[in-house]
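The structure appears below as structure tokens.
FYI, it's all coordinate maths here, none of it is from the lab. Predicted model only: the values in this text are computed from it and were never measured. All Cβ positions, glycine included, derive from the backbone under ideal geometry; neighbour counts span all protein chains shown.
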Amino acid sequence: MKATKASYRVEIRREREAMTRLMSAIREWLDARRFEPDTFRCATDEESVTFLIGFGTADEAAACAETFRGRVDPATEGSPPSPQIPG
């Protein structure tokens, strides 16, 4: 992954049982498009899994959010990546 800061963070939340399938789908999607996220983090609780993926461009973030029914966090534009989330 690149060492640059993420300007646009995508949050994708699902039921915890979907974690492995979703992680594989995201990785395959990124590879097929040759997108290299700046950050890729995962947090879980008893019921859900949340992926936080940082992109350097709004277009990449929007495409990811649309594909995986996530959302782009508008507050992340121009901000540094979030600290590692314990998982």
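Find the eigenvalues of the gyration tensor of the Cα atoms of the stretch 8-70, then list the square roots of 5 times those eigenvalues as equivalent ellipsoid semi-axes, largest first, in whole angstrom.
Details: eigenvalues 75, 28, 18 Å².
For the stretch 8-70, the ellipsoid semi-axes come out as 19, 12, 10 Å.
3J(HN,Hα) along the stretch 43-55: 10, 10, 10, 5, 10, 9, 10, 10, 9, 10, 10, x, 10 Hz, from the Karplus curve 6.51 cos²θ - 1.76 cosθ + 1.60 with θ = phi - 60°, whole Hz, x for Gly and Pro.
Arranged from highest to lowest average of other beta-carbon atoms within 10 Å per residue, in what order do the peptides 53-65, 20-32, 36-48 appear?
On the way: 53-65: 19.0, 20-32: 12.7, 36-48: 14.5.
By packing density, highest mean first, the sequence is 53-65, 36-48, 20-32.
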